[in-house]
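Everything on this sheet refers to the single structure shown next.
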Amino acid sequence: MNLTGRSLVTIDDLSNGEIAAVFALVDEMSYSIKEQLTVCRGKVMASLFFEPSTRTRLSFEAAMHRLGGSVISAVDTKATSLAKGESIADMARVVGSYADIIVIRHPWEGAARVVADYAGVPVINAGDGGHQHPTQTLLDLYTIKKERKVIKGLKIALWGDLKYGRTVHSLIFALAKLGANIIFCPTPGFEVPEHVIQKLIAEYGGELERLEASEQAGKEGGSPLDAIYITPGSPHQLAMMPNISIQVELKRGVDALYITRPQKERFATGEEGKGLKTRYPVVDKKLLKEKEFEKTLIMHPLPRVDELACELDTDPRSMYFKQAARGVPVRMALIALLLGAKEVTVPDKEGSSTGIDYPAYRQDLGLKCPNPRCVSVQESEIKYIKPSFKRVSTKPMTLRCTYCEHGFEPKYVASSHWHEGMLEYKKYHSAESHWARTIRPENLIVFNSAGEAEARGFKPSHYATVPHKKNDG
Ligand code: NCD
């Protein structure tokens, strides 16, 4: 396999075979961690951490030192020219001329994508806002694999803040493509974002079982449960026999419980943080006495706050310090591969990506990503980053931002092809009307409001205001 020169921005950048091959090299690095000093000799890694970090930054830097390379770093945007108004793209170009590889953590979603687009050297996403954290996922998967030998068919429960936790977003897609069954156990109000669910269903072909409130109420032991995602790789009896209770299924045992802290720094409103101490469930000895957790791996990306009791630290099921320690060999293997200092054989090619090549949304009529934390919104004043979208569905009409991957359903559509010269045909229609599906991707224009459409000189068509049945057309 040759990963030389590639970047890791989202977990989709690695196929299943490539993940397996990386893990083979992690094994090698772990056994002889002190004997790798010549692997990246003479290479320089830029470590750019514009959000707090202990484990990720230090394990990346330790990894590069253990490979015999050197590290240059910036840990605060205030101490860089970003504070003077420099664009991320300019910074990426410059840092790419100083270093052979860049590791970046940034609060804006999609920032690592921009750095990868402009740096000219491999870029590793060490966490971009609430979007993704693919190297944490690699070490999480590596831990599950080491402890359980396989990942396919396992039942993994994700617990806590599934809305803002970037580690869980990367992990969800990785588990899905590796054929695990995922159980979502969010703290109420912190459910997995709808665009993540939509991508899971559309691109990983899975099925989703939503748990009825009545079923939840009957659950003992206090674990919240929102939905079960069943992967297609290992057809699950729930998928085939929908009447079987999810609770019964849970009682058969969970292979891993992945706990996350509330990501307070990303809360959109003060409301989200209210009463968190009582709302956020704590994983402790009492909960783990439940039969379903008898042989469960207790995982956490760390840092923990109050959601994971210290009394579990000596419990043999607890994996979190092992996970953190494995960060060094995992990152050593990845850096060595991206720098072309090592090569490994890929066992298979399956699972490389979902293979869906969605049409790009091409009109440049001022459409903005609705996610305020997206890099394309934050840097919209700087002309480098043009908002960029893919049309991922026509029913309902859905666009996805190329940077932060948020999906959204615009309200109105129009065609840029309105019979040249005949302005009376310059009309906009409801995105739910059959017109939306007749517009060719290259001509599609979308608007989030009627005001936006009218400001661009479009008039409402008969299909703009008339309510339509969901399934028309
Ligand atoms: C995570 C992160 O930064 O997203 N930490 C880590 O990298 N180990 C999880 C967190 O901060 O909660």
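Remarks
- Some residue of the range 416-431 being among the acidic types (Asp, Glu), modelled with pLDDT of 85 or more and either in the same structural domain as Pro193 (by TED's automatic domain parsing) or not in a loop (DSSP other than H, G, I, E, B) (or both): no
- The range 140-151 - residue that is more than 15 Å from the chain's Cα centre (by Cα) and of a type in the set (A, V, I, L, M, F, W, C) and, of those, nearest to the ligand (Cβ to nearest atom): Ile144
- Residues in the range 116-149 that are under 15 Å from Leu297 (Cα atoms) and either acidic (Asp, Glu) or at pLDDT below 95 (or both): Asp140, Glu147.
- Residues located in the range 272-309, provided they are at pLDDT below 95, within 13 Å of the ligand (Cβ to nearest atom), surrounded by fewer than 17 Cβ atoms within 10 Å (Cβ to Cβ) and of a type outside the set (A, V, I, L, M): Asp306
- Residue count for the range 367-387, restricted to those that are surrounded by fewer than 17 Cβ atoms within 10 Å (Cβ to Cβ) and either at pLDDT 95 or above or more than 18 Å from the chain's Cα centre (by Cα) (or both): 7
- Residue count for the range 254-271, restricted to those that are in a helix (DSSP H, G or I), of a type outside the set (Gly, Ala, Ser) and surrounded by fewer than 17 Cβ atoms within 10 Å (Cβ to Cβ): 3
- When residues of the range 16-52 are limited to those that are in contact with an Asp or Glu (Cβ under 7 Å, 6 or more places away or on another chain) and among the small types (Gly, Ala, Ser), the one farthest from the ligand (Cβ to nearest atom): Gly17
Quick grid of which residues meet (1) out of contact with any Ser or Thr (no Cβ under 9 Å at 6 or more places or on another chain); (2) away from the ligand (no atom under 16 Å from the Cβ); (3) assigned to a loop (DSSP other than H, G, I, E, B):
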position: Gly153; (1), (2), (3): no, yes, yes
position: Ile156; (1), (2), (3): yes, yes, no
position: Leu171; (1), (2), (3): no, no, no
position: Ala176; (1), (2), (3): no, yes, no
position: Phe184; (1), (2), (3): yes, yes, no
position: Pro188; (1), (2), (3): yes, yes, yes
position: Val192; (1), (2), (3): yes, no, yes
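- Pairs where the first residue, in the range 195-207, is under 18 Å from Phe389 (Cα atoms) and the second is β-branched (Val, Ile, Thr) and in a helix (DSSP H, G or I), C-beta under 8 Å, 6+ apart: Val196/Ile172
- Here is the figure for the range 305-343: residues that are assigned to a helix (DSSP H, G or I) and among the hydroxyl-bearing types (Ser, Thr, Tyr) total 1.
- Search result, residues across the range 310-361 that are among the aromatic types (Phe, Trp, Tyr), within 22 Å of the chain's Cα centre (by Cα) and modelled with pLDDT of 95 or more: Tyr320
- Residue identified as touching a residue at least 40 places away in the same chain (Cβ under 8 Å) and either under 16 Å from Asp128 (Cα atoms) or outside any helix (DSSP H, G or I) (or both) among Ala62, Ala89: Ala89
- The single condition from (1) at pLDDT below 95; (2) aliphatic (A, V, I, L, M); (3) surrounded by fewer than 24 Cβ atoms within 10 Å (Cβ to Cβ) that Val95 fails is (1).
- Lone unmet requirement of (1) of a type in the set (S, T, N, Q); (2) assigned by TED's automatic domain parsing to the domain that holds Ile33; (3) under 21 Å from Met319 (Cβ atoms) for Thr167: (2)
- Candidate set from the range 92-123 (those that are among the basic types (Lys, Arg) and in a helix (DSSP H, G or I)); member that is farthest from the ligand (Cβ to nearest atom): Arg93
- Among the residues examined, Ser87 does not qualify as outside the structural domain of Lys145 (by TED's automatic domain parsing), within 16 Å of the ligand (Cβ to nearest atom) and of a type outside the set (Phe, Trp, Tyr).
The values are calculated or read from the model by the stated rules, or taken from the named source; none is laboratory data. All values derive from a computational prediction rather than experimental measurement. Glycine also receives a Cβ, built like all others from the backbone with ideal geometry; neighbour counts cover every protein chain displayed.
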